Every structure is written in C-alpha cells, then in structure tokens.
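Read through the structure below, which is laid out as structure tokens, and then see the notes.
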Amino acid sequence: MDIIESDLNIKGRKFAIILSRFNEFIGSQLLEGALDCLSKKGVKDDNIVLIKVPGAFEIPIAAEKLAETGKYSVIICLGAVIRGGTPHFEYVAGAAATGIQTVSLKYGIPVVFGILTTDNVEQAIERASTKKMNKGWDAAMTAIEMGCLMDKIENKQG
Ligand code: INI
C-alpha cells in the first residue's frame, strides 16, 4: 500500500493570504497567528503576499483572481463573520464558504477556510487568541500541509 502524506516541506512555495477588514480587531489577530505560523515553519516574507478586502463576501473573487495568476500554490482566507440579528450572516458566511471551495476545486489549489463563523464576539475572540487557540495559525498549518500534499500527489501520479 502506498501512503501519500505531507511532510510539511515549504520549499519553493508561495503563500497568498486574503484578509477581510470587517471585524478587523479579530482579523488582525488571525493574521498575526497565520504569519507567526508561516515564519516559524520557515516561510520567508518574500514568499508571502497579503491582500485585504472589505468583507468575507469579497474573499472568493480575490481568491479567484489570485489563483488565475498561477503564482501561488496556496491561498489562506482569513476573516470573521459574526452572527447578528438578521439573516445577513447566513448569506455572507455561506457565500464565502461556497466561493472559496469553488475556487479551490476550479484551480486545483488549496484555498484554506480560515474564516471564523461565530454566534457572538466572545466566540470569535476565543478563536483568535494570540496566546491560546488561533484559527489563523491553524489555517496556515493547513496551507503548509496541503501545499506539500498537492505536490506529493502530482509527483506520485506523474
Ligand atoms: N463581512 C464580514 O467579513 N464579517 C461579517 O460579520 C459581516 N457582517 O456581519 O455583515 C460582513 N459583512 C460585509 C460583507 O462581507 C460584504 O463586504 C458586504 O456585504 C459588501 O459586499
């Protein structure tokens, strides 16, 4: 049996991060976590590009444009969609998730869903801590793992 598994190798890989400015106090902490993870895993600043968009709803179109360039092997999407009193949350969170998955499958590159979708601000704060749980860090780890895994699968099949 062949087992194909990522060894978290980051050599030759360029990472794009798309950050939603909406709920920026949360987003900035997710970004901090993601950048900290990439740096600790050996990714140089030169191999990271950061794109800022107004809200999570705009993340898929930015991801599509980035993927189209063919320059980035992985895209990390960061943001926070926090439930309010109206159905707006469902539309924004749903569109972001579906759009991100669509881009990922269309271009065959990992587009990581590092967007918090929470019922309230407290839940978002808990998941964007600079000391404990940080979903930005987790998203960056997923990006490293999946970027490497894609290469491994391609080599294996080629
Ligand atoms: N965008 C977010 O990223 N998070 C939210 O919580 C949010 N809420 O709650 O409204 C949000 N809305 C803006 C949306 O993403 C678009 O920027 C806007 O609708 C313009 O297209």
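A short reminder: the numbers here are calculations on the coordinates, not readings from a lab. Every value quoted in this text rests on a predicted model; they were computed, and no experiment measured them. Reconstructed Cβ throughout: ideal geometry from the backbone, glycine too, with neighbour counts over all protein chains shown.
What pairs from 71/135; 71/131; 106/152; 106/131; 131/152; 52/152 go past 29 Å between their alpha carbons? Violating the 29 Å Cα-Cα cut-off are 71/131; 106/131; 131/152; 52/152. If you count the DSSP beta bridges with both ends in the chain, what percent of them are antiparallel, to the nearest 5? Bridges in the chain are about 5 percent antiparallel. Spacing of the modelled spin labels on residue 28 and residue 105, each 7 Å from Cα toward Cβ, amounts to 3.7 nm.
The alpha carbon convex hull volume per residue for the chain rounds to 120 Å³.
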